[in-house]
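Take a look at the structure below.
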Amino acid sequence: MTDAVRPTSELAIETRGLTKKFGRYAAVNDVDLRVPHGAVFGFLGPNGSGKTTTIRMLLGLASPTRGEARVLGQNMARNVSAVLPRVGALVEGPGFYPYLSGEANLRRLDSADRYAPSSTRDARVASALARVGLTAAARKKVRAYSLGMKQRLGIANALLTPRELLLLDEPTNGLDPQGTREVRALIRSLASEGTTVFVSSHLLAEIEQICTHAAVMSVGSLVAQGTLDELRQVGRSRVRLVTPDLLLALPVLKRFGLTIEPGNPEGVASGSGDPVVVASFGDATLEPERIVAALVHAKVRVRGFDIEGASLEDRFVALTGEGFNVEH
Amino acid sequence: MLAALAAVPILIAVAVRVTERNPGNGRGPAFLDQITHNGLFVAVVGLTVCIPLFLPLTVGVVAGDTIAGEASAGTLRYLLIAPSGRIRLLAVKYVGAAAFSLAATLTVVVAGAIIGVALFPVEPVVLLSGNTIGVGDSLVRSLLIAAYITVSLLGLSAIGLFLSTLTDVPVGAMAATIVLSVVSQVLDNLPQLDWLHPYLFSHYWLSFADLLRDPIAWTSFGDNAVLQGAYFVIFAALAYGRFSGKDILS
């Protein structure tokens with residue numbers, strides 16, 4: 001391997017200024033992804049934020065309008081055929097021939113892979129099906145599969161040969177709770193074998209449970225990325241204060257630059273009957289004990305004081321907006 | 001589709017056999033009556049009837065479905081990331097369409113030969129040049145005609161492959177391919193455009209009669225092969241140009 005490749009090789013995926021325009025509308029705009037080797041990387045974003053388009057570019061299905069994508073140390077624009085045998089993927093839902101059995105579908109896709117030896121095809125198809133729990137339905141026509149079974153078959157297809165990198169686009173879509181758990185367990189076990197897993201999802205809980213790293217997309221742009229802890233820290237922490245002296249306390253909190261959250265659902269703390277103030281602060285360097293000291297100094301009776309770290313959900317909503325509409 | 005193709009010579013043979021008693025009533029192509037004298041003609045008659053529409057129709061369906069069908073089933077992206085390689089996928093798909101063309105013509109020939117032998121007398125065949133050849137030799141001629149027609153359909157297959165790379169809707173590519181084959185034949189029948197005729201991919205479709213002469217006149221076979229080869233080169237190149245850089249968004 002040459003020195004030119006070395007420096008980027010500890011990253012499984014690296015994009016620089018990756019942009020995809022459809023007409024004048026940029027579906028993906030100037031995205032710089034950095035996915036380390038061995039990570040379970042959560043790719044978050046609301047519907048229509050450019051996740052799937054990014055994945056298509058990472059797989060060489062679509063070519064970027066600008067910028068470049070490097071996967072496993074190689075430029076996708078030039079070395080698609082060298083990279084793809086090392087990558088397994090599930091892109092935008094499974095796609096299979098309904099009139100063929102699950103097994104026949106996998107055999108067909110496996111034979112399309114010119115690097116996959118045909119002598120071990122039967123064994124590989126059987127073990128991929130076993131790995132996603134579809135052995136019993138292997139000979140059923142895909143037409144008769146439920147959405148969850150098709151999804152499993154899609155994952156089985158990604159696992160046909162040992163891969164260094166797995167790109168899974170919404171892998172738990174349509175799965176029942178058991179299936180979701182199984183997929184999570186599967187991703188963990190793949191990661192423990194050293195496979196880098198890149199999972200896109202709009203389900204935060206899923207990402208929080210299995211990922212080591214995450215990135216957040218919003219309207220085509222990457223708005224945050226890092227380890228999960230890094231992402232949580234950047235979020236605004238919140239102060240939860242229980243006190244009967246609401247009027248005295250509010251000016252003190254405001255002096256520290258804290259934002260009182262309106263429409264506080266727990267206006268009265270249960271049991272004590274004292275009002276609760278929740279205020280968020282953006283300055284992570286602010287020491288909470290100074291707030292308490294100032295409150296006490298202002299003769300506020302502090303009956304409860306708590307710092308709540310931001311959940312990933314808060315962070316997600318803060319980054320991508322509250323709206324339910326698909327943004328353009 | 002192959003079963004439907006096989007049905008054509010069978011239907012012709014049965015229809016002719018049933019109406020045999022009042023021959024020469026002036027309806028239908030004159031050559032249809034030939035098969036009452038010799039069952040070996042059924043295959044040739046079947047092919048002649050199928051060439052203008054039925055064979056191009058089935059080939060258009062298969063060739064138009066090649067890429068667009070995979071795209072609409074959602075399997076194209078998985079084939080490409082398997083990875084199949086884009087050029088390899090195009091090549092395999094084209095070979096598949098060509099193999100279908102061969103299977104389609106052979107189906108008509110074989111079904112025609114079987115039903116012809118079953119319903120009509122089998123005799124040595126009198127060729128267009130007046131000589132007579134034996135039964136075995138005439139079967140070889142039938143297969144030669146099948147080969148000729150397969151070659152004739154290679155250009156259309158390439159056109160269908162190219163159209164299939166343009167869309168994710170297989171029906172659109174199929175219809176466009178079939179329409180082109182009809183347009184080509186219509187243009188071929190307009191005397192005002194006779195300068196254009198040698199360049200139309202359907203121009204030599206019915207010229208296989210030269211294979212029924214003794215000795216065989218190979219010129220039309222050669223001209224046809226060159227023409228179809230040219231269509232293949234042009235449309236395979238267009239398909240490659242379109243498909244190699246296409247964004248697969250299906």
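The values are calculated or read from the model by the stated rules, or taken from the named source; none is laboratory data. Source: prediction; values computed, not measured. When we count neighbours, we look across all protein chains shown, and the Cβ atoms used for this are built from the backbone with ideal geometry, even at glycine. Note: areas computed on protein heavy atoms with side chains; ligands, DNA, RNA excluded. Shrake-Rupley method; radii C 1.70, N 1.55, O 1.52, S 1.80 Å.
Report, by residue number, each residue of the stretch A:118-146 that is exposed (fewer than 12 other Cβ atoms within 10 Å of the Cβ) and more than 14 Å from every other protein chain (Cβ to nearest Cβ).
Hits for the stretch A:118-146 are A:119, A:123, A:136, A:139, A:144.
When the residues of the stretch A:75-86 are filtered to those that are open to solvent by 30 Å² or more (accessible area, probe 1.4 Å) and more than 8 Å from chain B (Cβ to nearest Cβ), which remaining residue is modelled with the highest pLDDT?
That would be A:86.
Run residue A:89 past the list (1) open to solvent by 10 Å² or more (accessible area, probe 1.4 Å); (2) in a strand (DSSP E or B) and report the number of the one that doesn't hold.
It fails just one condition, (1).
Does the stretch B:78-99 hold any residues that are of a type outside the set (Ser, Thr, Tyr), open to solvent by less than 30 Å² (accessible area, probe 1.4 Å) and part of a helix (DSSP H, G or I), and which are they?
Hits for the stretch B:78-99 are B:79, B:80, B:81, B:89, B:90, B:97, B:98.
Filter the stretch B:110-124 down to residues that are β-branched (Val, Ile, Thr) and surrounded by fewer than 22 Cβ atoms within 10 Å (Cβ to Cβ) and give me whichever is nearest to the other protein chains (Cβ to nearest Cβ).
If we take residues in the stretch B:110-124 being β-branched (Val, Ile, Thr) and surrounded by fewer than 22 Cβ atoms within 10 Å (Cβ to Cβ), then B:110 is nearest to the other protein chains (Cβ to nearest Cβ).
Identify, from the list B:77, B:88, the residue that is within 14 Å of another protein chain (Cβ to nearest Cβ), closer than 20 Å to residue B:233 by Cβ and not acidic (Asp, Glu). If you could, list the steps in order and put the result at the bottom.
Working: B:77 fails: closer than 20 Å to residue B:233 by Cβ.
Going through B:77, B:88 in turn, just one is within 14 Å of another protein chain (Cβ to nearest Cβ), closer than 20 Å to residue B:233 by Cβ and not acidic (Asp, Glu): B:88.
Would it be correct to say that residue A:22 is at pLDDT below 95, in the same structural domain as residue A:170 (by TED's automatic domain parsing), within 21 Å of the chain's Cα centre (by Cα) and of a type in the set (Phe, Trp, Tyr)?
When the stated conditions are applied, residue A:22 does not pass them.
Residues to consider are A:231, A:168; find the one that is aliphatic (A, V, I, L, M) and under 25 Å from residue A:137 (Cβ atoms). Walk me through it before giving the result.
Values: A:231 fails: under 25 Å from residue A:137 (Cβ atoms).
Just a single option satisfies the conditions, and that option is A:168.
Under 7 Å by Cβ, and 6 or more places apart or on different chains, what pairs join a residue from the stretch A:91-104 that is at the interface with chain B (Cβ under 7 Å from one of its Cβ atoms) and farther than 17 Å from residue A:146 by Cβ with one that is surrounded by fewer than 24 Cβ atoms within 10 Å (Cβ to Cβ) and among the acidic types (Asp, Glu)?
Between residues of the stretch A:91-104 that are at the interface with chain B (Cβ under 7 Å from one of its Cβ atoms) and farther than 17 Å from residue A:146 by Cβ and residues that are surrounded by fewer than 24 Cβ atoms within 10 Å (Cβ to Cβ) and among the acidic types (Asp, Glu), the close pairs are A:91/A:169.
Could you check how many residues of the stretch B:55-73 are out of contact with any helix residue (DSSP H, G or I) (no Cβ under 7 Å at 6 or more places or on another chain) and either more than 7 Å from chain A (Cβ to nearest Cβ) or open to solvent by less than 10 Å² (accessible area, probe 1.4 Å) (or both)?
Total satisfying the criteria: 1.
Quick check, is residue A:38 open to solvent by less than 50 Å² (accessible area, probe 1.4 Å), part of a strand (DSSP E or B), more than 10 Å from chain B (Cβ to nearest Cβ) and modelled with pLDDT under 95?
no
Look through the stretch A:55-74, keep the residues that are open to solvent by less than 10 Å² (accessible area, probe 1.4 Å) and away from chain B (no Cβ under 13 Å), and return whichever of them is farthest from residue B:86 (Cα to Cα).
Across the stretch A:55-74, the extreme among qualifying residues is A:73.
Does residue A:19 satisfy the criteria of being under 17 Å from residue B:248 (Cα atoms), within 10 Å of chain B (Cβ to nearest Cβ) and polar (S, T, N, Q)? Spell out how you get there, then give the answer.
Numbers: under 17 Å from residue B:248 (Cα atoms): yes; within 10 Å of chain B (Cβ to nearest Cβ): no; polar (S, T, N, Q): yes.
No: the conditions fail for residue A:19.
Among the candidates A:219, A:197, single out the residue that is out of contact with any Lys or Arg (no Cβ under 7 Å at 6 or more places or on another chain), surrounded by 21 or more Cβ atoms within 10 Å (Cβ to Cβ) and of a type outside the set (Gly, Ala, Ser).
From the options A:219, A:197, the qualifying one is A:197.
Could you tell me whether the stretch A:150-167 includes any residue that is among the hydroxyl-bearing types (Ser, Thr, Tyr), under 20 Å from the mean Cα position of the chain (by Cα) and open to solvent by 10 Å² or more (accessible area, probe 1.4 Å)?
No, there is no match, as no residue in the stretch A:150-167 is among the hydroxyl-bearing types (Ser, Thr, Tyr), under 20 Å from the mean Cα position of the chain (by Cα) and open to solvent by 10 Å² or more (accessible area, probe 1.4 Å).
Could you check, for the stretch A:24-31, whether at least one of its residues is within 13 Å of chain B (Cβ to nearest Cβ) and assigned to a strand (DSSP E or B)?
We begin by selecting, within the stretch A:24-31, every residue within 13 Å of chain B (Cβ to nearest Cβ); these are A:27-28.
Next, from what is left, pick out any that are assigned to a strand (DSSP E or B): A:27-28.
Checked against the condition, which is being within 13 Å of chain B (Cβ to nearest Cβ) and assigned to a strand (DSSP E or B), the stretch A:24-31 yields at least one hit.
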